[in-house]
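J.: Below you will find the structure I want to go over with you.
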Amino acid sequence: MLTGSIKKVCCIGAGYVGGPSMAVFADNCKNIQFTVVDINKDRISAWNDDDFKKLPIFEPGLDQIIARTRGKNLFFSTEIKKSISEADMIFLSVNTPIKISGLGAGKASDLKFIEASARLVAEEARGFTIVVEKSTLPVKTAETIKSILFSSQTIKNDIQIDRKFSVLSNPEFLAEGTAINDLENPDRVLIGGDDDDSIEALSSIYENWIQKDKIIKTNLWSSELSKLAANAFLAQRISSINSMSAFCEVTGANINEVSNAIGTDSRIGSKFLSSGPGFGGSCFKKDILNLVYLCSFYGLDEVSNYWEQVILLNDWQQKRISHLIIQNLFGTLAEKKIGILGFSFKANTNDTRQSPAIKICKDLLEEGAELSIYDPKVSMETINLELTNTSISQDESKFSNEKITVCESIDEVAVNADAIVLITDWPLFKNINWDTISKLMRKPSWVFDTRNCIDDVQCLKANINVWKLGVGILR
Ligand code: NAD
Ligand code: UGA
C-alpha cells in the first residue's frame with residue numbers, strides 16, 4: 001500500500017473517541033472521506049442534528065469542527081456494511097467495558113463489541129484493508145482480530161472475493177473535556193504494527209497536522225500495553241496524591257502546598273497532582289482492572305496486587321468523603337438536605353461514567369439524605385438513571401426519585417440545604433457568592449469542598465463551616 005492511497009476511512013463506534021477523533025482527522029485531511037458508523041441509531045441522529053447543542057457529546061470546540069466538516073468529508077451513518085466495504089482503512093472505536101459475568105467477570109475486558117466488529121469487517125471488506133485498533137484493548141487482542149480477519153471467506157457463491165488485511169494498534173490518549181486540543185496537539189501518536197507499509201499509510205494521515213517526530217512506531221504488543229500502562233501511571237499519581245490528602249488532614253499539612261512542593265521537582269512534574277474525590281471516567285478503573293487481570297493471568301501476582309491497590313485507594317477516598325460528611329453533620333443525614341455541585345466525572349464534559357458523584361450521592365442517600373443536584377451539562381435524565389436505574393448502575397436500586405431533585409442553578413441547590421458538597425470543579429463554582437448562598441441555607445451550614453476550588457475566605461465570612469479535602473476543617 002502506497003502512502004497517500006487512503007481515500008476512504010470508516011470508523012466503527014461513534015462515541016467519545018470515534019466522534020471527536022474522526023472530526024479532527026476530517027478537519028485536517030480534506031482529501032479523505034471519513035464515515036463514522038454505529039449500531040445506535042439515536043446516537044447517529046444526534047451527530048447529524050442541525051442543532052449543535054444536541055450533539056451526543058459535549059466537548060469544547062467540537063461543534064465548530066463538526067460545522068466545518070460534516071456533510072463535506074465527515075459523515076455519520078448507520079450503513080455499517082456499506083461503509084466497511086468502501087473503506088481502505090477501518091478504525092475500531094467501540095466500547096470495551098469490563099465483563100459483568102463469566103470468566104474474568106469484574107476485571108477482564110468484554111471484547112464482544114470488538115469481536116462483532118471484526119467479524120463484520122471480515123465479511124464485508126473488499127480489497128486491501130488496514131484495520132486499526134483505536135479502542136483500548138488487552139495486550140494480544142490484535143492476535144484475536146487477525147485470526148478472525150485472516151480466516152474470512154475469500155470465495156462466496158463460487159465468486160472469488162479480493163480481500164486482504166493488515167492490523168495496526170493506534171491507541172487514543174485524548175482526555176475528555178480537552179479532547180479537541182489533545183487530538184490537534186498530542187504529546188505523541190502511537191502506532192504499533194508488523195507491516196511497515198500500513199504503518200506508513202497511517203502515519204502519513206497524521207503527518208497532515210502532526211510533526212513526524214511525535215509519531216512513535218512500535219510492535220503491536222508494545223503499543224497495546226503502552227495504552228494500559230499510560231492510564232495506570234496516570235491513575236496511580238491520583239491515588240498517590242489522594243493518599244497524601246488524607247495524611248495532610250490529620251497532620252495539619254496542606255495538600256496544595258505539598259502538591260506544589262513536590263510538583264516543582266522536574267523529575268516528578270506538576271501535572272496530575274490535584275487531589276480530589278477519586279478518579280472517575282469510563283477508562284481508568286476498567287483499564288487498571290484489565291491490567292490486574294492480565295498480570296494474574298500471566299502469573300505475575302505481585303504486579304497484579306500492586307496495581308489493584310490504585311483502585312482500592314480510589315474507592316477508599318470516595319468512601320471516606322461520605323463518612324466525613326456524615327460525621328460532621330452529627331452522624332445522621334435523616335431529615336437533612338444536601339446540595340451537590342457537579343455530577344460529571346470532571347469539568348467540561350457531560351460524561352458521568354464512574355463519576356465519584358455517583359458513589360458519594362448513593363452513600364448520602366443510604367444515610368437518609370435528600371439531595372438537590374446541579375451540574376451545568378448533565379441532564380436530569382442522566383442523573384436519575386445513574387442514581388436509580390438498575391441497568392445503568394448495575395447495583396440494586398434502593399433510592400426513589402423523590403429523594404433527588406435535579407436543579408437548574410446553584411441557588412436552587414442551596415435552598416434549605418444543611419450542606420453543600422462540591423464534587424466537580426466546573427469553573428463557575430470558583431466564583432460562587434457565598435453571602436447569597438449562606439442566606440438560603442439552613443444553619444449550621446457546611447460546605448465540603450472535595451476539589452479545593454472554592455473561595456474559602458468568603459465562605460467562612462458568610463458564616464458557613466468549611467471542610468476542604470487535604471486540609472480539613474477550616475478555622
Ligand atoms: P462509547 O461507549 O462512548 O462509544 C462506543 C460506541 O461504539 C457506542 O456508541 C456503541 O453503540 C458503538 N458500538 C458498539 N458495538 C458496535 C458495533 N458492533 N458496531 C457499531 N457500533 C458499535 O465509548 P468511548 O468512550 O468512545 O470509548 C471507546 C474506546 O476508546 C474504549 O475502548 C475506551 O477505553 C477507549 N478510550 C476512551 C477514551 C475516552 O475519553 N472516552 C479515551 C481514550 C480511549
Ligand atoms: C484519561 C487519560 O487522561 C487519557 O489520556 C486517556 O486517553 C483516557 O483516560 C482514556 O483512556 O479514557 P479522562 O478519563 O477523560 O482521560 O480524564 P482525566 O483528565 O484523565 O481525568 C480522569 C479522572 O481523574 C477525573 O475524575 C479527574 O477529575 C481525576 N483527576 C485528574 C484528579 O482527581 N486529579 C488530577 O490531578 C487529574
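The values are calculated or read from the model by the stated rules, or taken from the named source; none is laboratory data. If you're wondering where the values come from, they're calculated on a predicted model, not measured in any experiment. When we count neighbours, we look across all protein chains shown, and the Cβ atoms used for this are built from the backbone with ideal geometry, even at glycine. All accessible areas refer to the heavy atoms of the entire protein, side chains included, with ligands and DNA or RNA removed. Shrake-Rupley method; radii C 1.70, N 1.55, O 1.52, S 1.80 Å.
J.: Can you list residues whose amide H is under 5 Å from residue 451's amide H, if they're 5+ apart or on another chain and H is modeled 1.01 Å from N?
T.: 469
J.: Can I ask one more? Among 31, 385, 97, whose Cα lies farthest out toward the positive end of the dipole of the chain, if unit charges sit on the beta carbon of Lys, Arg (+1) and Asp, Glu (-1)?
T.: Positive-most Cα among the choices belongs to 31.
J.: Could I ask something else about it? With the other protein chains left in place, how much accessible area per residue, in square angstrom, belongs to segment 1-98 at a 1.4 angstrom probe?
T.: Normalised by residue count, the accessible surface of segment 1-98 is 42 Å².
J.: A further question on this structure: Give me the distance between the Cα centres of segment 340-386 and segment 225-269, rounded to whole Å.
T.: Centre-to-centre (Cα) distance: 25 Å.
J.: Could you list which residues have their amide H under 5 Å from that of residue 108, counting only those 5 or more apart in sequence or on another chain, with H placed in the peptide plane?
T.: Those lying under 5 Å, H to H, from residue 108 are 99.
J.: Relative contact order (percent) for the chain, with alpha-carbon contacts under 8 angstrom and 6 or more residues of separation?
T.: Averaging sequence separation for qualifying contacts and normalising by length gives 12 percent for the chain.
J.: Output the peptides 207-220, 367-380 sorted from most to least packed, where packing is the average of other Cβ atoms within 10 Å over each peptide's residues.
T.: Per-residue mean Cβ counts within 10 Å order the peptides as 367-380, 207-220.
J.: Right, next: Take each uninterrupted DSSP H stretch in the chain, measure its Cα extent along the helix axis, and return the ones at 27 Å or beyond whose mean Kyte-Doolittle hydropathy is at least -0.5.
T.: Flagged H segments are 220-251.
J.: What residues have an amide H closer than 5 Å to that of residue 405, excluding those fewer than 5 places away on the same chain, when H is modeled at 1.01 Å from N in the peptide plane?
T.: Amide H neighbours of residue 405: 371, 372, 373.
J.: While we're here: Looking at this model, which pairs from 286/336; 82/346; 7/156; 8/41; 336/461; 403/439 are more than 32 angstrom apart at the alpha-carbon?
T.: As for pairs spanning more than 32 Å Cα to Cα, those are 286/336; 82/346.
J.: Follow-up. Give the carbon-plus-sulfur fraction of the accessible surface of the chain in %, rounded to a whole number; probe 1.4 Å, heavy atoms of protein chains only.
T.: For the chain, the apolar C and S fraction of the accessible surface comes to 51 percent.
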